[in-house]
Amino acid sequence: MAQSESKKSVISIRNLKKYFGQHMVLDGFDLDLYEGESLVIMGKSGSGKSVMIKCLVGLVPHDNGTINIMGRDLDLADENDMDYIRTEVGFLFQGSALYDSMTVRENLEFPLRRHTRKFGEIDDATPLVLEALRDVGLEDAIDLMPEELSGGMKRRIALARTLILKPAIILYDEPTTGLDPITSKEIVMLMKRIQEQYKTSSIIITHDVDCARYIADRMILLVDGINYAEGTFAQLDASTDPKIQAFFKT
Amino acid sequence: MILFQSWRQNISDFLEETGELAFFAGRFFREVTRRPFEFKELLRQCYNIGNRSLLLVAVTGFIIGLVFTLQSRPKMMELGAEAWLPSMVGISIVREIGPIITALICAGRIGSGIGAEIGSMRVTEQIDAMEVSGTNPFKYLVVTRILATTLMIPLLVVMSDFVALMGSWLVESIKGDVSFFYYFDEVFVSLDFADLIPSTVKTFFFGFAIGLVGCFKGYNCKHGTAGVGVAANSAVVETSMVLFIIDFVSVLVSDLIF
Ligand SMILES: Nc1ncnc2c1ncn2[C@@H]1O[C@H](COP(=O)(O)OP(=O)(O)OP(=O)(O)O)[C@@H](O)[C@H]1O
Ligand SMILES: [Mg+2]
């Protein structure tokens, strides 16, 4: 880890707290994401992983703590900062979240037409749409509706929609959940390729140990609202702590 | 005691819901004037609303006009007042029946559709995805739909009034040999501004209510697919209630003014 600490931190979370009424979800969570790394976060279902990354992009307001993304404090961010953050941070939702009233092409064009800061006003978005689709290997699907796609294809299209803005950071919320092992493997390999090709930094939330082993440069275990353990896959796998072991022995 | 408590619970739920709805409406008025305006989406919504309910509203309107005239005709003849029939039918349709029937149909057709559509976008995180795509989902989804219903319902009402009068005329022309021009002349002579203005103004409120409640229900849809059904269903029920309240208030107000 010494070598990653010398790198620039692109996301840093300090003492993040989140309650839903009386129900405590995050209780002082800390995280650093360094440039170019893949950070895997594991935690039980309902431990607050989705809530945590939604706090990161301001979808869920947090109760306490600071979130700093590429040098911008989320609490102090004005509209411009927010726009910057949302262009540079791609978000892959747990259920793909494709707009089901739009075709694949329109789904991909949507963020492009909205975030004019990075690419300006675009007359013909087709080349960019095709490029993003080529990255995920689904050029043929350009004129399909989301309901015509399989679960794995939806996940890829959602990834293409995230990639189209060429974000510096990608947040993946359970990218392989609900897919068969072979398709999961394909998605994970795709994520790795994208990571290498575009030099993105990513946070990957997953239950999938194989996925974690393949892609993680570093891991954080989220237990009881805090970052219970941190380290490389090998380090955590070798731990004797029963709470940590519970994630790995399957 | 238990009954009393459940009543108290119901009343406090009702007040809470009303407060949230008012807050939602307030947000609409704040955002409607702010840039950017989603014109394209507004047009698409207007088209959708018209497309989805035009035929339904027309057929219902026609039948209502027809049935209404068929049923009142014998009584009017008995009283020797069949010459008054066009004006009576005209006033009833334009002032009350046309607007409220159209609005109720649209509450069922459009309000529930909006509730279900936005609700399912909420539970499948499409609204969140929109937000991270740099689009204000409230503006893109809610403001456009509320504006669209507010603009389109009055148009649908005008059309429904006209078709209902056509239905009524059809009966008159078959049973009483009344000509088209005579019939409509009678209708328009008997309608004055005190009839037209309040009944037109209230249709804008009807449209606003249909869009507002549908969007409110969908936007605050609780998680899970079951929530979508609840959103659609309660949108219809609550919109219908709101429509009758608006209708009642509009009668009171227009009574005071005119
Ligand atoms: N909008 C909300 N209102 C109230 N409670 C919520 C809300 N969103 C999440 N929670 C609660 O926060 C906790 C964490 O939810 P979260 O979705 O982050 O879990 P997760 O770790 O992503 O689980 P999974 O692996 O199943 O996706 C859960 O107990 C959930 O009930
Ligand atoms: Mg989750």
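Please treat every number below as a calculation from the coordinates, not as lab data. Predicted model only: the values in this text are computed from it and were never measured. So basically every Cβ, Gly included, is an ideal-geometry build from the backbone, and we count neighbours across all protein chains shown.
Here are a few things to note about the model shown:
- Any hit, region A:149-158, residues being out of contact with any Phe, Trp or Tyr (no Cβ under 6 Å at 6 or more places or on another chain) and within 10 Å of chain B (Cβ to nearest Cβ): yes
- Unique residue being crowded, with 19+ Cβ neighbours inside 10 Å and within 16 Å of ligand 2 (Cβ to nearest atom) when the list is A:I215, A:I169, A:I205, A:I157: A:I205
- Of the residues A:L128, A:L179, A:L138, A:L144, the single one that is more than 14 Å from chain B (Cβ to nearest Cβ), within 16 Å of ligand 2 (Cβ to nearest atom) and either surrounded by fewer than 15 Cβ atoms within 10 Å (Cβ to Cβ) or more than 14 Å from the chain's Cα centre (by Cα) (or both) is A:L179.
- Looking only at region A:53-72, and only at residues there that are buried (at least 21 other Cβ atoms within 10 Å of the Cβ) and away from every other protein chain (no Cβ under 14 Å), the one that is farthest from ligand 1 (Cβ to nearest atom): A:I67
- Residue in region A:83-94 that is within 16 Å of ligand 2 (Cβ to nearest atom) and in contact with a Cys (Cβ under 9 Å, 6 or more places away or on another chain) present: no
- Only one entry of B:A107, B:A103, B:A116 meets the criterion of being more than 21 Å from A:E79 (Cα to Cα) and within 14 Å of chain A (Cβ to nearest Cβ), and that entry is B:A116.
- Residues of region A:39-59 that turn out to be among the β-branched types (V, I, T), assigned to a loop (DSSP other than H, G, I, E, B) and within 12 Å of ligand 2 (Cβ to nearest atom), as a count: 0
- Filter result for the condition that a residue is of a type in the set (S, T, Y), buried (at least 23 other Cβ atoms within 10 Å of the Cβ) and away from chain A (no Cβ under 14 Å), over B:S179, B:S173, B:S168, B:S133: B:S168
- Only residues that are facing chain B (nearest Cβ under 9 Å), within 16 Å of ligand 1 (Cβ to nearest atom) and not in a loop (DSSP other than H, G, I, E, B) were counted across region A:76-118, and they come to 1.
- Selection count, region A:28-42, where residues are closer than 20 Å to A:G71 by Cβ and touching a residue at least 24 places away in the same chain (Cβ under 8 Å): 8
- Residue identified as among the aromatic types (F, W, Y), without any contact (Cβ under 8 Å) to a residue 40 or more places away in the chain and within 15 Å of ligand 1 (Cβ to nearest atom) among A:Y214, A:Y172, A:Y228: A:Y228
- Pairs are defined by a Cβ separation below 6 Å, a sequence spacing of at least 6 or placement on different chains, a first member in region A:43-67 that is over 18 Å from B:S133 (Cα atoms) and of a type in the set (K, R), and a second member that is more than 6 Å from ligand 1 (Cβ to nearest atom) and in a strand (DSSP E or B); the pairs so defined are A:K49/A:I41; A:K49/A:I205; A:K49/A:L222.
- Those residues of region A:84-140 which are of a type in the set (D, E, K, R), touching a helix residue (DSSP H, G or I) at 6+ places or on another chain (Cβ under 8 Å) and free of Cβ contacts under 8 Å to residues at least 12 places away in the same chain, in sequence order: A:E139
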